[in-house]
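The values are calculated or read from the model by the stated rules, or taken from the named source; none is laboratory data. As the structure is a computational prediction, the values presented were derived from the model and not from experiment. Here the Cβ is made from the backbone with ideal geometry for all residues, glycine too, and neighbour counts use every protein chain on show.
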Amino acid sequence: MSSVDAKGVLNSTELEKALVAKPDMSDSFTALMESILARRKEAVETKLEDLSKFKDGLDKIEEKNKAENLTTLYNNYSAVVKRDFQRAVFILDNLAKLCEDIADITPSSIVKDKDSINPGVLFKKKGRFFSGSEGTLTNAGKAFKEKVLDALKQHDFIRRELTEIRLSRFERVSLRKTTQAGIAPIGPDPMIDAIINSREQVAAEEDKFMKRFLKDLKLSQAVAITNQFADSKFKHTESQSQLLLNISKMISEAGATVTAKMIAERDFLAATTGSKADGALVKQAIRIYNALRTYESKVYGTLHSQPQLDTSRLPALFAAYNARSDAIVPPEYIASKAEQKVFQTTVASGTKDTREARMLAELTAPSLPPAP
């Protein structure tokens, strides 16, 4: 380029305008706003997507928490039922122990025949005679009286303990239902509903079992025995027939009570697990039956028959002893031959088939599915 041409370009008015002109801000602002809007739109879309994922995650966590909380609720409920059952078994173990204590301390050969007893077993002579109010107890008679009265005190303790467990059951059932409704009401969620339906069914069976298991323990002769042992009445001039049969009846009632609870336990196991096992209370029922046989053998000797133990006949055995005691009419000491025959018939009727039929009739609940 020649110097003339160069001067022409430098002196060009267009070049001067381009060099001194300010930048057009409108173009830059528009580009900036478009960039901001684009980024904001992208950010909003991203956040909406993240929020949606977060909500789904929260829902899943909430659903999982509800399921875990419900499972914990029912697991805790079952644990408390199990604890109360074990506590009740321990209490009934005390009942078996007191029956054994009575049988162990009872002197032998108290009853002589249907019309009289051997007075020297329980009472000392005053001179040549057993003189009513002046008569004193032998060591064996004194130990017998003290042990029976002590057993009756234990009976009161056992009743109080079972009553306390029975009252706590009402509170526990109400708390379970209230808590379940607060965690997750039935209806909105099929998975939660499935948990509630299955576990509520099990909980209802547990509650039905405990209601049946905790029925009151009533030994009808407890007060009468205490009165008959009063110092003013417990003497040779008073007939001991009623006292002796009442003690026998008390032990047989204790056995019948434990046997009924044993059957309730067996039915619950059959309903919830399909198990045919007799459960934990068979041992206590057997102990009480052995105590009953020992007591009657000591008191009545061979005047009353004593059937051998057969666990399949326990309900009938206790019922037979109870009925035979009722059949003794003081001042006589033993049941009549006719009543002894009834006793044998009752014992023989308590076959395994009869017991299973009775249990089947009492078992009203269907088999349950396994808990989730």
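Restricting attention to the stretch 300-338, and to residues there that are assigned to a loop (DSSP other than H, G, I, E, B) and farther than 20 Å from residue 348 by Cα, which single residue is nearest to the chain's Cα centre (by Cα)? Reasoning before the result, please.
First pass over the stretch 300-338, keeping only residues assigned to a loop (DSSP other than H, G, I, E, B): 301-310, 328-336.
Applying the additional criterion that residues be farther than 20 Å from residue 348 by Cα yields 301, 328-334.
Details: 301: 40, 328: 37, 329: 40, 330: 41, 331: 43, 332: 43, 333: 41, 334: 40 Å.
Among those that are assigned to a loop (DSSP other than H, G, I, E, B) and farther than 20 Å from residue 348 by Cα, it is 328.
Among the residues that make up the stretch 154-169, is at least one of them closer than 19 Å to residue 295 by Cβ, surrounded by 14 or more Cβ atoms within 10 Å (Cβ to Cβ) and modelled with pLDDT of 85 or more?
First, pick out the residues of the stretch 154-169 that are closer than 19 Å to residue 295 by Cβ: 154-155, 158.
From the residues that got through so far, the ones that are surrounded by 14 or more Cβ atoms within 10 Å (Cβ to Cβ) too are 154-155, 158.
After this cut, where a residue has to be modelled with pLDDT of 85 or more as well, the list is none.
For the stretch 154-169, residues closer than 19 Å to residue 295 by Cβ, surrounded by 14 or more Cβ atoms within 10 Å (Cβ to Cβ) and modelled with pLDDT of 85 or more: absent.
Every condition in (1) farther than 30 Å from residue 331 by Cα; (2) within 16 Å of the chain's Cα centre (by Cα) is met by residue 276 except one, and the failing one is (2). Looking across the stretch 64-101 at every residue that is within 30 Å of residue 192 (Cβ to Cβ) and among the small types (Gly, Ala, Ser), the one that is surrounded by the most Cβ atoms within 10 Å (Cβ to Cβ) is identified as 67.
In the stretch 147-176, the residues that are over 30 Å from residue 105 (Cα atoms) reach residues that are not in a helix (DSSP H, G or I) and not aliphatic (A, V, I, L, M) with C-beta atoms within less than 9 angstrom, at least six apart or across chains, in these pairs: 166/215; 166/216.
Within the bounds of the stretch 255-263, is there any residue that is surrounded by 23 or more Cβ atoms within 10 Å (Cβ to Cβ) and within 23 Å of residue 112 (Cβ to Cβ)? The answer is no; no qualifying residue exists. Restricting attention to the stretch 129-150 and to residues that are modelled with pLDDT under 85 and not hydroxyl-bearing (Ser, Thr, Tyr), the residue that is farthest from residue 251 (Cα to Cα) turns out to be 129. Within the stretch 209-224, the set of residues being modelled with pLDDT of 80 or more and surrounded by 20 or more Cβ atoms within 10 Å (Cβ to Cβ) comprises 209, 210, 213, 214.
State whether the residues of the stretch 274-291 include one that is among the hydroxyl-bearing types (Ser, Thr, Tyr) and modelled with pLDDT of 70 or more.
So the first thing to find is which residues in the stretch 274-291 are among the hydroxyl-bearing types (Ser, Thr, Tyr), and the list is 275, 289.
Filter again for modelled with pLDDT of 70 or more, leaving 275, 289.
Among the residues of the stretch 274-291, at least one is among the hydroxyl-bearing types (Ser, Thr, Tyr) and modelled with pLDDT of 70 or more, which makes the answer yes.
Take the stretch 280-309 and flag every residue that is of a type in the set (Lys, Arg) and touching a Leu at 6+ places or on another chain (Cβ under 8 Å). Matches in the stretch 280-309: 293 only.
Looking at 303, 245, 314, just one residue is surrounded by fewer than 18 Cβ atoms within 10 Å (Cβ to Cβ), in contact (Cβ under 8 Å) with a residue 40 or more places away in the chain and aliphatic (A, V, I, L, M), and that residue is 303.
Applying the criterion of at least 2 residues that are in contact with a Gly (Cβ under 7 Å, 6 or more places away or on another chain) and under 29 Å from residue 88 (Cα atoms) to the helices (runs of 4 or more DSSP H) found wholly in the stretch 186-299 leaves 241-273. Against the numbered list (1) under 30 Å from residue 205 (Cβ atoms); (2) modelled with pLDDT under 90, residue 255 comes up short only at (2).
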